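What follows is a set of notes on a single structure, which appears directly below.
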Amino acid sequence: MSQSLRRAALPFVLLSLVAALLLWSGRLSSDASPARGSAPAAVPASQAVGRVVFQTTPSASRTLTIRSFAWAGVSNGSTFTAGNPTINLDASSFSPALTKAVATGIHWPSVTVVLYQPGTTTRFEQWKFYEVVPRELHASQAGPPSRLPREQVTWVWNVVRRDVYAANGSTIAATVCYNRQTLSTTCP
């Protein structure tokens, strides 16, 4: 290796070492085992990206904090293909109901995902999916005993409404809807 290449790589190597040390020291303090007999901690507000409301019957629902949300739509210029959303959340007492829903193909009237503005619990976006069937459930446990098992849920839907809110979190700034059956953008 030439002398000039070594000099150019030195700052990168030093920064990488500093970053690794900072990551390692932060991990040691945040991944410490909980006190004996204590339950794993719930999602801290600083790590929550939003909440999900599963409307399991017309009169019953369950709200959970989510760690992430993903949805994709693809267009080739003439046709649009809407994907199925996925959320990541901590396992909870609702986990058996999610398992049963995926196993039986139960239909839910709606699922609402509320996404927060970064670092707050102020509403930024709201996605409401209608005529929902849970399709996939992935459960995993990794990391220290202080970390709850995680679940990833994917569902299929017929209609979606996406609202984007103003900075105050209560005024709708923009709305778009999509119906997979009719290919319509008319909102319910």
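The values are calculated or read from the model by the stated rules, or taken from the named source; none is laboratory data. Predicted model only: the values in this text are computed from it and were never measured. Here the Cβ is made from the backbone with ideal geometry for all residues, glycine too, and neighbour counts use every protein chain on show.
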**Condition met for Ala20 (touching a strand residue (DSSP E or B) at 6+ places or on another chain (Cβ under 6 Å) and modelled with pLDDT under 90)** = no
**Prompt:** If you take the residues of segment 57-101 that are under 26 Å from Gln141 (Cα atoms), touching a residue at least 24 places away in the same chain (Cβ under 8 Å) and touching a Pro at 6+ places or on another chain (Cβ under 9 Å), which of them is surrounded by the most Cβ atoms within 10 Å (Cβ to Cβ)?
**Reply:** Ala101
**Message:** When you scan segment 158-170, do you find a residue that is touching a strand residue (DSSP E or B) at 6+ places or on another chain (Cβ under 6 Å), loosely packed, with under 14 Cβ neighbours inside 10 Å and in a strand (DSSP E or B), even just one?
**Reply:** no
**Residue check, Trp127 closer than 14 Å to Phe54 by Cα and touching a Pro at 6+ places or on another chain (Cβ under 6 Å)** = no
